[in-house]
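As structure tokens, the structure follows; a few thoughts come after it.
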Amino acid sequence: MLLRLIPQKTEIPFIKFRFISMGISGFLILASLFMFFTQSLNYGIDFQGGILIQVKTPEVYEIDQFRDVVGGLGLGDNSIQEFGTPDEILIVLEAQSVPGDERATEVAQQEALTTARTALDAAFPGIVYERTEVVGPKVSGELVESSTLAVVVAVLLVLIYIWFRFEWQFAVGAVIALVHDVILTIGVFALLRLEFNLSIIAALLTIVGYSLNDTVVVYDRIRENLRKYKRMALGELLDQSINDTLSRTTMTSLTTLLALVALFYFGGEVIHGFTFAMIWGVVVGTYSSIFVASPVLMVFGVKRDWSRDAEAASQTP
């Protein structure tokens, strides 16, 4: 083989470092939860509602010129920034709501959009509208609930799948690893103040699938070795299983990262959040498969067929 990142045979004592890795993971989880509850996420229009206008201008204008025009419309808070290139501008206006009247809220949203477009047309001749979105408060609230439910259901289904395929100890380990990955991804978005929208939910669900795939590969080898080495100490067996799959795990992660990094740099601003979440998810997913999912089995223990037989024999008169 011309390219080999990891030697074919390694003897890295991963389980020896389990307390260090668990300490690091525990700290990162607590830090992520702290960031989430203290400064929350930078929710996009999908989750907080509002009006999004993406425009392209025939010449480059200063951002302050857009702020002066939009700020003078009396439409509430707004966010204006360059979107990829200096001649592309992203404008986000706060949701225009009429409490207790859904129909009036929809009318107010459309009127605000019309007002904004009229003002922009007058101030910046030749402006082109590349994207406009209007999301009401009710819709955004429903999206939050649906997105949360999707992630929770995905994790529960993983728990059931692993439980049936392996044993409950493996299921708990896999779910702990997945929750670890999801919380750390949310934490990095809270820390960096990156926009959190529906595409990030899609990335989270993809991360769950990717991390699960890595974990199942390691668990399959652990199960094979449990049958093959019936007297080997559990810690030694886990080390051997992780080392056996290490080359496959790292090569899969690297090739995935190559594609994601290319998308991040050349795919445009629209998918930056999604690709960043995926890049981060592949890194933490690979880490958790090795340093979280497997060491958890040391905590809960794993019964082997021979141990059950020995226990039954010892109880026979």
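Here are the numbers:
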| quantity | calculated |
| --- | --- |
| Selection from region 182-235 of residues that are over 15 Å from Gly285 (Cα atoms), in contact with a Ser or Thr (Cβ under 6 Å, 6 or more places away or on another chain) and in contact (Cβ under 8 Å) with a residue 24 or more places away in the chain | Ile201, Arg221, Ile222 |
| Among the candidates Thr114, Thr105, residue that is surrounded by fewer than 16 Cβ atoms within 10 Å (Cβ to Cβ) and among the hydroxyl-bearing types (Ser, Thr, Tyr) | Thr114 |
| Given (1) touching a Lys or Arg at 6+ places or on another chain (Cβ under 6 Å); (2) under 17 Å from Ala154 (Cα atoms); (3) not β-branched (Val, Ile, Thr), index of the condition Asp214 fails | (1) |
| Residues within region 206-233 that are buried (at least 16 other Cβ atoms within 10 Å of the Cβ) and not β-branched (Val, Ile, Thr), tallied | 9 |
| Residue identified as assigned by TED's automatic domain parsing to the domain that holds Val217 and part of a helix (DSSP H, G or I) among Leu113, Leu149 | Leu149 |
| Residue ID - nearest to the chain's Cα centre (by Cα), chosen from residues in region 167-223 that are modelled with pLDDT of 85 or more and in a loop (DSSP other than H, G, I, E, B) | Leu194 |
| Residue in region 155-166 that is within 29 Å of Leu41 (Cβ to Cβ), at pLDDT below 85, among the basic types (Lys, Arg) and in a helix (DSSP H, G or I) present | no |
| Residue that is on the phi > 0 side of the Ramachandran plot and either assigned by TED's automatic domain parsing to the domain that holds Gly74 or modelled with pLDDT under 80 (or both), where the choices are Gly141, Gly126 | Gly126 |
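The values are calculated or read from the model by the stated rules, or taken from the named source; none is laboratory data. Keep in mind the model is a prediction, meaning the values are calculated, not measured. Because the Cβ atoms are built from the backbone with ideal geometry, glycine has one as well, and the counts that use them run over all protein chains shown.
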